[in-house]
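Report on the following structure.
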Amino acid sequence: MKIVNKIVLGLVVVGSLTAVSANGAEVFNKCIACHGKTAEKKALGKSQIIKGWETSKVVTALKGYKEGTYGGAMKAVMKGQVMSLSDSQIEDVAKFIEMQK
Ligand code: HEC
């Protein structure tokens, strides 16, 4: 019985981890055109390559674009991308970007 409980618990944990990355991947779908499938490109030839950036660094950038406190010459482009994202979607997509190898 105890073993069964552990298996069930294990499945729940694995299940929720998958859900996070799936959400992040879903959000990232709309970033691919500019940043590349694994975030490996300079968006529009201008952005830094964000692939593998730490989650916190991506979150800071995205929230900053939303609030107008971060970015370079083309920050208006990114503002349009992140305005409709919730904080949890920003977290999810940031985790997804950090996971890209
Ligand atoms: C229309 C093209 C386009 C799309 C779509 C787009 N981006 Fe960007 N992104 C850019 C550009 C251009 C920059 C550089 C903006 C600037 O000057 O600060 C940038 C910058 C960034 C940066 C900061 C990198 C840096 O140079 O400081 C992050 C992080 C980022 N984008 C994430 C995303 C995420 C996540 C999405 C999807 C929700 C997304 N972008 C969608 C064009 C795009």
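Quick note: the coordinates plus some simple rules give every number you see, no bench work behind them. Since the structure is predicted, the reported quantities are computational estimates derived from the model, not experimental observations. Note: ideal-geometry Cβ built from the backbone for every residue, glycine included; neighbour counts use all protein chains shown.
So which residues in segment 34-92 are more than 7 Å from the ligand (Cβ to nearest atom), among the aliphatic types (A, V, I, L, M) and either surrounded by 16 or more Cβ atoms within 10 Å (Cβ to Cβ) or not in a helix (DSSP H, G or I) (or both), if there are any at all? Of everything in segment 34-92, those that are more than 7 Å from the ligand (Cβ to nearest atom), among the aliphatic types (A, V, I, L, M) and either surrounded by 16 or more Cβ atoms within 10 Å (Cβ to Cβ) or not in a helix (DSSP H, G or I) (or both) turn out to be A39, I49, V59, M83, I90. Within segment 72-90, residues that are under 13 Å from F28 (Cα atoms) reach partners that are near the ligand (Cβ under 6 Å from one of its atoms) and charged (D, E, K, R) with beta carbons closer than 9 Å, at six or more positions or on different chains, in the pairs Q81/K30.
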